[in-house]
Amino acid sequence: IVVTTLLAGGVTVPALRVRGEYLILLTLALQMVLYELMLSWVDLTEGRTGISAIPRPTLFGRALVTPAQFLPLIAACAAVVFAVGYRVGESPFGRVLKAMRDDERATLAIGKSVFRYKVLVFSISGALAGVAAALFAHYQAFINPFSFTLDRSIFLVALVVLGGTANLVGTLVGATVYVGLPEMLRFLQARQEIVDAIRDFVFGALLVAFMRFRPQGLVPERAGVGARLRTVAPPAAADPVAALPARAARADAAPVLVADGLSKSFGGIRAADQLSLVLPGGKVTALVGPNGAGKTTVFNLLTGFLAPDAGRVVLHGREVTGLAPWRMVGQGLARTFQDVRLFERMTVLDNVVAAIPGQPGERLGPLFLAPWRAAAAERQNRAKALGYLAFVGLADKAGEVAASLAFGEQKLAALARLIATEADVLLLDEPASGVDVQWVNRILELIRRLAGAGKTVCIVEHNLEVVTAVADRAYFMEAGRIIAEGRPEDLMADPRLGEIYFGKARR
């Protein structure tokens, strides 16, 4: 179990570069390498001959030999493994894993270390697999490389797909179907090769049918969400601004964030060229300019998604240049994305709760050793998240899946998630783009209230009416450089800047 835990954790090093289906392929490729290693490392594994005479386990002085004797031990271990898996999956820790599944970049943007969670979940998976492997070896009293083929791994993936991913009850159902079906086929009066062919055909037909007509599996992921929502008390604060963190109430004119001489090149293109800007506390600052001016690149440089070639970023008087994006959030700097990037398969409430920092249930120690503390914090955090949703006007949508929201509602949900990070400096990438006037006015009012509550806000926006309506100050960018700064209405009245902006837009 220790060996498989360490080995599985080590797999995360190459796994950081891949995701989704490619991650599955990577683990299968690793198995093929290990399979060949077991065949060739004869001194350790006995090669094709395998290891025999593995001792039977002894429980309370009684050797476990027959299947009936083994059953209580296997059932007890299965129950423990299920309990561990369920505890991990249905917890704040599991919520982060689901967020990573939906969008790793957005997970970094809410202050979660993707690398840390990958290492932990791979290690946990390796440990649980090690339990099963140890039981198998002692039950069979013999193992060889042919006991762990690629077919066996595909079988395990198939039963998860059939039962339903991200739901251990579905995995149990899938295992019951996939393991029970061959046992039922044993009653057929036919040769073994015919029974095997029928079994393979039925398995294949089931997989095709489920992928075509019910890709979520027999037991969908959302089971039980409604029950959890009913346990959350509604926000007690009459004024939604009261849901904001206390530290956001500090507002002054001193610079909160300073970018000095930032430069970034992509080949021959200079996306940022000796760029400097200052964000004062409690104010709304805008970055404007034609398409391709480098505005989103500036956000990526400020938040750590891109490393600058030169220059520095100072936040609250401390240099944070080169920090990882999730560490930037911990320092008080967070951002949204132009394309929203919600965790679409999670509920709106879970999207917001996931961004709240310092949750005990996101750490394995408190999750298993102090479950009462994790549970109390979870109740408080869900109530706090409802407060953030009430602030943006989406409290009634808390139990809905994020993908089902209208685009304007998704913008509001992304804003609530941003607020939940409890960052002092909020960077909004085109918060009013793609929505009608009704949603624009609602978003602008929320931005004003955030600044009034002490947040430092910077927006990238193409709608000049939005900029003049909400921004206290604006920077005008062209070709990676800031060529003007001042009050938005003054910049918009400059004929030279207007020609640059609208002329580039037409081209």
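The values are calculated or read from the model by the stated rules, or taken from the named source; none is laboratory data. Computed from a prediction, not measured in an experiment: that's the story for all the values here. We place every Cβ from the backbone using ideal geometry, glycine too, and count neighbours over all the protein chains shown. Each accessible area value is taken on the protein alone, full model and side chains, heavy atoms only, with ligands, DNA and RNA left out. Shrake-Rupley method; radii C 1.70, N 1.55, O 1.52, S 1.80 Å.
Measuring from label point to label point, each 7 Å out along Cα→Cβ, what is the Ala324 to Ala63 span in nm?
Going by the 7 Å Cα→Cβ label model, 5.0 nm.
Give me the 1.4 Å probe accessible area per residue for the chain, excluding ligands and nucleic acids, in Å².
49 Å²
What is the extension gain from Val2 to Val314, computed as 0.36 nm multiplied by their sequence separation minus the C-alpha to C-alpha distance, in nm to one decimal?
Full extension from Val2 to Val314 adds 108.0 nm.
Would you give the gap between the C-alpha center of the stretch 256-333 and the C-alpha center of the stretch 148-180, rounded to a whole Å?
With the stretch 256-333 and the stretch 148-180 each reduced to a Cα centre, they are spaced 46 Å.
Pick the calculated Kirkwood radius over Cα pairs in Å for this structure from (i) 22.2; (ii) 24.3; (iii) 26.0?
(iii)
Solvent-accessible area of Thr171, probe 1.4 Å, all protein chains present, reported in Å² to the nearest ten, please.
40 Å²
Divide, for the stretch 268-419, the radius of gyration over alpha carbons by 2.2 N^0.38 Å, where N is the residue count.
Normalised by 2.2 N^0.38 Å, the Cα Rg of the stretch 268-419 equals 1.21.
Please compute one quarter of the surface area of the Cα convex hull for the stretch 376-507 and express it in square nanometres.
Result: a mean projected hull area of 9.7 nm².
With θ set to phi - 60°, apply the Karplus curve 6.51 cos²θ - 1.76 cosθ + 1.60 along the stretch 121-128 and write out the HN-Hα couplings as whole Hz, x wherever there is a Gly or Pro.
6, 5, 5, 4, 4, x, 5, 5
What length, rounded to one decimal in nm, is gained on full extension from Ala376 through to Ser404, with 0.36 nm per residue of separation minus their alpha-carbon distance?
Roughly 7.1 nm would be gained on extension.
Kindly express, to the nearest 10 degrees and within the range 0 to 90, the angle between helix 168-185's C-alpha long axis and the longest C-alpha principal axis of the chain.
Value to nearest ten degrees: 30.
Once both axes come from the Cα atoms, what is the angle between helix 437-452 and the longest principal axis of the chain, in degrees from 0 to 90, rounded to 10?
Helix 437-452 sits roughly 80 degrees off the main axis of the chain.
Please compute the contact order of the stretch 357-459 in relative form: average sequence separation of alpha-carbon pairs under 8 Å and at least six residues apart, divided by the residue count, as a percent.
22 percent
With a point put 7 Å past each Cα toward its Cβ, work out how far Ile483 is from Ile74 in nm, to one decimal.
Calculated label separation equals 7.4 nm.
Tilt of helix 192-213 relative to the longest C-alpha principal axis of the chain, in degrees (0 to 90, nearest 10)?
Roughly 20 degrees between the two axes.
Calculate the FRET efficiency for Gln338 and Asn463 from the Cβ-Cβ distance with a Förster distance of 22 Å, rounded to the nearest 0.05.
0.95
Residue by residue through the stretch 413-430, what is 3J(HN,Hα) from phi via Karplus (6.51 cos²θ - 1.76 cosθ + 1.60, θ = phi - 60°)? Round to whole Hz and write x for glycine and proline.
4, 5, 5, 4, 5, 5, 4, 5, 5, 6, 6, 7, 10, 10, 9, 10, 8, 6
In deg cm²/dmol and to the nearest 500, what is the mean residue ellipticity at 222 nm of the chain if only DSSP H runs of at least 4 residues count, each as -39500 (n - 2.57), divided by the residue total?
Value at 222 nm, helices only: -17000 deg cm²/dmol.
Could you please state how large a percent of the accessible area of the stretch 128-205 is carbon and sulfur, counting protein chains only and using a 1.4 Å probe?
70 percent
If packing is taken as the average count of other Cβ atoms within 10 Å, what order do 468-479, 409-420, 42-53, 111-122 fall into, highest mean first?
The packing order, highest mean first, is 409-420, 468-479, 111-122, 42-53.
Would you work out the Kirkwood radius for the stretch 91-151? I mean one over the mean of 1/r across all pairs of different Cα atoms, in Å.
Roughly 13.9 Å, rounded to one decimal.
Quick one: dipole size for the chain, taken about the Cα centre, charges +1 on Lys/Arg Cβ and -1 on Asp/Glu Cβ, in debye to the nearest 20.
800 debye
Please report Rg (one decimal) and Dmax (integer) in Å for the Cα set of the stretch 1-123.
19.0, 55
For the chain, what does the relative contact order come out to in percent, with C-alpha contacts under 8 Å and a separation of six or more?
Normalised by residue count, the contact order of the chain is 17 percent.
On average over all directions, what projected area in square nanometres does the stretch 78-186 have, based on the convex hull of its Cα atoms?
For the Cα atoms of the stretch 78-186, the hull's average projected area reads 8.2 nm².
In whole percent, what relative contact order does the stretch 403-485 give with Cα contacts below 8 Å and a gap of six or more residues?
Averaging sequence separation for qualifying contacts and normalising by length gives 27 percent for the stretch 403-485.
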